[in-house]
Amino acid sequence: MPKRIAIIGGGISGLTAAFALEEKRRAGVPVEYVVYEANPRLGGVIVTERVEGCLVEAGPDSFLTEKPWAADLCREIGLGDQLIGSNDRQRKTYVIAKGKLIMMPDGLMFMVPTKILPMVFSPLFSLRTKVRMAGEWFHPPHQAKSDESVAELVERHYGAEMVDLLADPLLSGVYGGEASQLSVRAVLPRFADMEAKHGSLGRAMLLARKKTAATAKDASPPLFTSLKEGMQQMVDALLAHLDANSLRPSTLVQSVIPQEGGWTVSAGYQSDQFDGLIIATPAPAASVLLQMANENLSRDLGEIRYSSSVTITLCYDDNVRRSLPPGFGFLVPRSEGRRMLAATFVHNKFPYRAPEDRALVRCFLGGTRDEQILHSSHDEILKIVRDELKLILGLAAEPLFARIYKWKGAMAQYGVDHLERGQRIESLRKKLPGLALAGNTFTGIGVPDCIRSGKEAAIKMLAAIGLEDSAA
Ligand SMILES: Cc1cc2nc3c(=O)[nH]c(=O)nc-3n(C[C@H](O)[C@H](O)[C@H](O)COP(=O)(O)OP(=O)(O)OC[C@H]3O[C@@H](n4cnc5c(N)ncnc54)[C@H](O)[C@@H]3O)c2cc1C
């Protein structure tokens with residue numbers, strides 16, 4: 001009899017776990033799997049729509065090229081020739097400062113200045129911050145006794161203005177969270193290591209860049225990678241590789257109970273028995289599911305905060321396209337008092353997204369500071385975004401179409417206690433045989449990390465139920 005594995009959550013993490021099991025099944029390993037997904041469609045927050053010749057991403061629009069797991073998966077599922085890079089020759093990003101678009105100076109790596117002259121001449125920073133940047137070069141090595149927030153580390157090196165202008169908006173783009181709440185060790189471990197070893201983040205970044213340049217065979221790869229037909233291509237290709245009879249869309253799992261060396265999974269009026277269980281949902285859902293299995297594990301998972309996000313894509317005509325600034329888009333620091341967090345000029349960032357005579361502007365709202373945006377109607381959200389685009393870009397034109405997507409509780413917040421909690425969760429998980437956890441809750445929120453977590457969960461599970469040795 002083949003061993004049976006339940007996967008709860010049909011986002012990219014769960015689907016990757018299913019794909020890894022399917023590959024083993026096809027190779028003759030006696031395993032079966034069932035993917036439970038509460039929504040009618042699989043793919044989770046990865047949704048791509050075609051609207052009037054434009055490609056609109058509702059959730060993620062790309063992934064970081066330096067994290068290989070997403071592109072590797074794409075190649076495995078036959079999408080190697082569909083991978084596209086961001087148009088990095090046009091990679092300029094603006095920051096709104098006192099209502100004006102100011103270009104991020106050359107030489108900023110994430111938020112670390114590595115070139116002196118562009119910083120000196122940039123109108124973005126005050127004289128005080130520029131003096132701090134110069135002094136940072138001589139920052140002594142520092143080993144923090146315990147974890148701290150990203151804001152604490154950045155402020156120690158560059159002052160509070162850097163947190164407001166760059167750290168906060170950059171992190172809110174990735175996590176929908178604030179630099180003062182997010183853990184350095186969980187979110188930017190490289191920064192903590194660089195500070196401990198070199199003191200100055202600027203010097204450490206330059207050294208790292210020189211090393212990479214010395215070993216790199218090709219010209220530097222694009223910062224972001226996506227797919228010609230959008231991120232959903234990945235979901236569609238995964239689904240085409242899976243056994244359709246193993247997929248249970250529109251099936252909300254209510255409880256999981258460890259029983260007789262396996263798990264009973266209950267959804268609606270149906271219960272089914274499995275040898276192993278992979279939970280690939282956001283942590284709050286995992287917490288509810290595991291309430292009866294282990295109270296402490298459930299509590300720890302339930303305490304991980306999530307933020308919500310709203311994306312709004314507006315399409316404009318050729319006149320607007322020609323009037324918009326070049327570059328990938330802009331960030332809005334909190335001190336500007338706007339609700340918009342950032343906007344992307346999609347037609348510049350990637351090829352294959354909009355016809356030559358159309359502009360696509362994708363705006364982001366929400367995050368930990370503005371959960372109430374979820375209660376606003378689409379008309380209200382559209383008004384907020386159009387009013388702010390008018391103030392920021394002078395963009396008053398009527399959009400040709402607008403698409404709004406609300407994502408409630410989609411982004412895990414890696415707080416200052418995240419790593420400790422993660423270790424506790426891992427040791428509690430190990431006490432429940434045949435349980436694996438995947439998703440954006442633990443070791444990375446981006447699509448590549450979710451893919452890695454899904455694959456690792458499948459491999460761990462096969463070992464746990466005796467189908468592969470743990471070294472596999
Ligand atoms: C707006 C937005 C933009 C983003 N942009 C990027 C980006 O550009 N690049 C990048 O790398 N990452 C980005 N991310 C992050 C990344 O997309 C996500 O972290 C990742 O896709 C999460 O995948 P997942 O499978 O872990 O979770 P999800 O996609 O959330 O899937 C989990 C699934 O579990 C299901 N589920 C929950 N509870 C149950 C239950 N009890 N029974 C059955 N099913 C259940 C849900 O319905 C859901 O479909 C973005 C995220 C958002 C929201």
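The values are calculated or read from the model by the stated rules, or taken from the named source; none is laboratory data. As the structure is a computational prediction, the values presented were derived from the model and not from experiment. A quick note on method: Cβ atoms are made from the backbone with ideal geometry, for glycine too, and the neighbour counts reach across all protein chains shown. Heavy atoms of the whole protein, side chains included, go into the accessibility calculation; ligands, DNA and RNA do not. Shrake-Rupley method; radii C 1.70, N 1.55, O 1.52, S 1.80 Å.
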Radius of gyration and Dmax over the Cα atoms of the stretch 380-472, both given in Å: 21.3, 63
Over the C-alpha atoms of the stretch 61-104, what are the Rg and the largest Cα-to-Cα span, Dmax, in Å? 15.7, 48
Kirkwood-type radius of the stretch 125-173, with distances r between different C-alpha atoms, in Å: 11.5
What share of Cα pairs, in percent, lie more than 26 angstrom apart in the stretch 1-148? 56
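Rounded to two decimal places and with Rh computed the Kirkwood way over Cα pairs, what is Rg over Rh for the chain?
On the way: Rg = 23.0 Å, Rh = 23.6 Å.
So for the chain, dividing Rg by the Kirkwood Rh gives 0.97.
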For the stretch 348-424, what ratio Rg/Rh do Cα atoms give with a Kirkwood hydrodynamic radius? 1.10
Treating only the Cα positions of the stretch 230-376 as identical point scatterers, give the base-10 log of I(q)/I(0) from the Debye formula at each q in 0.09 Å⁻¹. -0.52
Amide hydrogen neighbours beyond the local backbone of residue 94, cut-off 5 Å, H modeled: 104, 329, 330, 331
Count the DSSP beta bridges whose two residues both fall in the chain, then state the antiparallel fraction as a percent rounded to the nearest 5. 75
Under-5 Å amide H pairs with residue 84, H placed in peptide plane, nonlocal only: 226, 227, 228
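At 1.4 Å probe size, with the rest of the protein present, what percent of the exposed accessible area of the chain is carbon and sulfur atoms?
Details: 11450 of 21480 Å².
Its accessible area is 53 percent carbon and sulfur atoms.
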With every protein chain left in place and a probe of 1.4 Å, what is the accessible surface of residue 223, to the nearest 10 Å²? 70
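Relative contact order for the stretch 49-136 using alpha-carbon pairs under 8 Å, separation at least 6, rounded to a whole percent?
Details: 50 pairs, mean separation 11.1, N = 88.
Computed value for the stretch 49-136: 13 percent relative contact order.
What number, rounded to the nearest 500 deg cm²/dmol, is the helix-based mean residue ellipticity at 222 nm of the chain, given -39500 (n - 2.57) per DSSP H run of at least four residues and division by all its residues? Could the numbers behind the result be given before it?
Numbers: 17 runs with 167 residues, N = 472.
Taking each H run of at least 4 residues, the total per residue is -10500 deg cm²/dmol.
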Which whole number in µm²/s is D for the stretch 256-341 by Stokes-Einstein, with the Kirkwood Rh taken over Cα pairs at 20 °C and 1.002 mPa s? 121
Peptides ranked, highest mean first, by Cβ atoms within 10 Å: ranges 452-463, 430-441, 250-261: 452-463, 430-441, 250-261
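For the full complex of protein chains and a 1.4 angstrom probe, list 304, 384 by accessible area with the highest value first.
Working: 304 10, 384 30 Å².
Of 304, 384, the descending order of accessible area is 384, 304.
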Using a 1.4 Å probe on the protein heavy atoms only, what accessible surface does residue 450 show? Give it in Å² to the nearest 10. 10
Treating the Cα atoms of the stretch 262-302 as identical point scatterers in vacuum, please give the log10 of the normalised Debye intensity I(q)/I(0) at q = 0.14, 0.21, 0.30 Å⁻¹, two decimals. -0.32, -0.70, -1.08
Could you tell me the accessible area of residue 137 in Å² (1.4 Å probe, neighbours in place), rounded to the nearest ten? 70
Report the dimensions of the stretch 194-311 along its three principal axes from the alpha-carbon atoms, largest first, rounded to Å. 60, 39, 35
3J(HN,Hα) from dihedral phi, the stretch 361-378, Karplus parametrisation 6.51/-1.76/1.60, rounded to Hz, x for glycine, proline: 10, 10, 10, 10, 10, x, x, 4, 7, 9, 5, 5, 4, 4, 8, 7, 6, 4
Whole-Å distance, taken between Cα centres, linking the stretch 43-68 and the stretch 296-361: 12
P(r) of the stretch 371-412 over all Cα-Cα pairs, binned every 5 Å from zero, in whole percent: 5, 19, 26, 21, 16, 10, 3, 0
Can you pull the semi-axes for the stretch 136-226, root of five times each eigenvalue of the Cα gyration tensor, sorted largest first, whole Å? 23, 19, 12
